[in-house]
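Heads up: the structure comes next, in structure tokens.
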Amino acid sequence: MVFFVYKHLTRLLLILSTMLFMANTVGQDVIVTHCDGACPQYESSLATTRANVVIHHVYAAGLNGDTGLADWVSYRLTKDAIGVASLLPRVWHPDRLLEFSSVEDVLEITTSELRLAEVAVSNNPYAGLGELPEHEEESARLAPMTSFANTPYWNDLNNLTNMVPMPKPLRLGPWLQLEQRLNALVMRTKELQVVTGPLFLISNLSRTPTTRSIEPAAYFKIVARDDDFVAFVFPNDLGQFESYCGHVANLDQLEEMVSINFFPDRTVQESEQLLADLNCVQ
């Protein structure tokens with residue numbers, strides 16, 4: 001009788017210990033270097049359930065469960081990683097981590113329909129996507145190639161999880177200007193963190209995304225140095241010769257629009273000094 005009670009008591013303790021371990025595991029903090037700590041967090045429980053986060057050598061991305069595109073991409077800029085990217089191959093390819101995710105949405109890119117989860121495990125990794133000259137592409141890399149060209153991991157930036165549809169004038173204009181300025185700034189100052197992604201109008205979203213329905217209405221880029229930040233929002237119809245300095249945005253309003261807390265583990269403040277370092281204050 002004593003042995004019977006001891007046996008079942010031991011089993012009960014084992015079950016309780018397992019449950020406690022699982023609870024602690026689920027509730028633990030995950031620290032990601034690309035996010036300089038905790039990555040952006042969705043404010044909606046539904047979005048959190050449907051989203052997937054992929055973490056590569058040079059960036060982390062939160063993937064939208066409806067569009068299959070990145071809601072955000074976070075990366076850290078360091079002077080040692082910056083290099084010349086003009087000769088690096090720029091061919092979009094599937095993100096191998098999607099094999100383990102639930103992303104199944106169809107995205108129409110150029111003339112090809114692409115189901116991300118299927119392409120990730122197919123024998124034809126490019127699924128009809130040719131190597132397009134950079135000037136012809138209507139897409140952009142959220143984490144730029146030049147910022148990591150001096151690392152052995154630059155090819156991660158060709159992942160489709162780092163891609164966003166973007167009009168050519170914006171990509172070659174204010175978007176590129178800001179990327180170049182950030183690279184120049186980090187060469188003479190401490191490391192920077194960047195969080196960037198697309199902004200959609202509710203009426204433009206679709207359960208069956210196409211080139212038209214997934215076209216973002218705008219794009220954001222948040223630059224952080226320690227607890228200081230500057231946020232920018234660029235409408236998709238900006239001209240190539242417009243300045244990025246004219247599009248400084250309010251972080252609280254941006255977070256409300258996308259229902260994402262970009263810095264969940266710290267309190268940040270808008271920085272006039274960082275804005276001046278980006279040549280946006282006379």
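The values are calculated or read from the model by the stated rules, or taken from the named source; none is laboratory data. Since this is a predicted model, take the numbers as computed values, not measurements. Ideal geometry is used to build each Cβ from the backbone, glycine not excepted, and the neighbour counts take in all protein chains shown.
Does any residue in segment 224-240 that is among the polar types (S, T, N, Q) come within less than 8 Å, Cβ to Cβ, of a residue that is part of a strand (DSSP E or B) and crowded, with 16+ Cβ neighbours inside 10 Å six or more places away or on a different chain, and which pairs are these?
So the pair list comes out as Asn236/Ala218; Asn236/Tyr219.
How many residues does segment 259-282 hold that are basic (Lys, Arg) and surrounded by 19 or more Cβ atoms within 10 Å (Cβ to Cβ)? Spell out the reasoning first.
Pass one, segment 259-282, residues basic (Lys, Arg): 266.
Right, trim to surrounded by 19 or more Cβ atoms within 10 Å (Cβ to Cβ) and you get none.
Residues that pass the stated criteria total 0.
Which members of segment 33-92 meet the condition of being β-branched (Val, Ile, Thr) and touching a Phe, Trp or Tyr at 6+ places or on another chain (Cβ under 6 Å)?
Let us first name the residues in segment 33-92 that are β-branched (Val, Ile, Thr), namely 33, 48-49, 53-55, 58, 67, 73, 78, 82, 84, 91.
If the condition is that a residue be β-branched (Val, Ile, Thr) and touching a Phe, Trp or Tyr at 6+ places or on another chain (Cβ under 6 Å), then Thr48, Val58, Val73 are the ones that fit.
Which one of these does Ala231 not meet: (1) modelled with pLDDT of 95 or more; (2) out of contact with any strand residue (DSSP E or B) (no Cβ under 7 Å at 6 or more places or on another chain)?
(2)
Within segment 112-170, restricting attention to residues that are of a type in the set (D, E, K, R) and touching a helix residue (DSSP H, G or I) at 6+ places or on another chain (Cβ under 8 Å), which residue is modelled with the lowest pLDDT?
Filtering segment 112-170 for residues that are of a type in the set (D, E, K, R) and touching a helix residue (DSSP H, G or I) at 6+ places or on another chain (Cβ under 8 Å), the one modelled with the lowest pLDDT comes out as Glu137.
When residues of segment 202-228 are filtered for being of a type in the set (A, V, I, L, M), assigned to a loop (DSSP other than H, G, I, E, B) and at pLDDT 75 or above, how many remain?
Here is the first cut: in segment 202-228, the residues of a type in the set (A, V, I, L, M) are 202, 205, 214, 217-218, 222-224.
Then drop every residue that is not assigned to a loop (DSSP other than H, G, I, E, B), which leaves 205, 214, 217.
In the following step, the residues that additionally are at pLDDT 75 or above were identified as 217.
Matching residues across segment 202-228 total 1.
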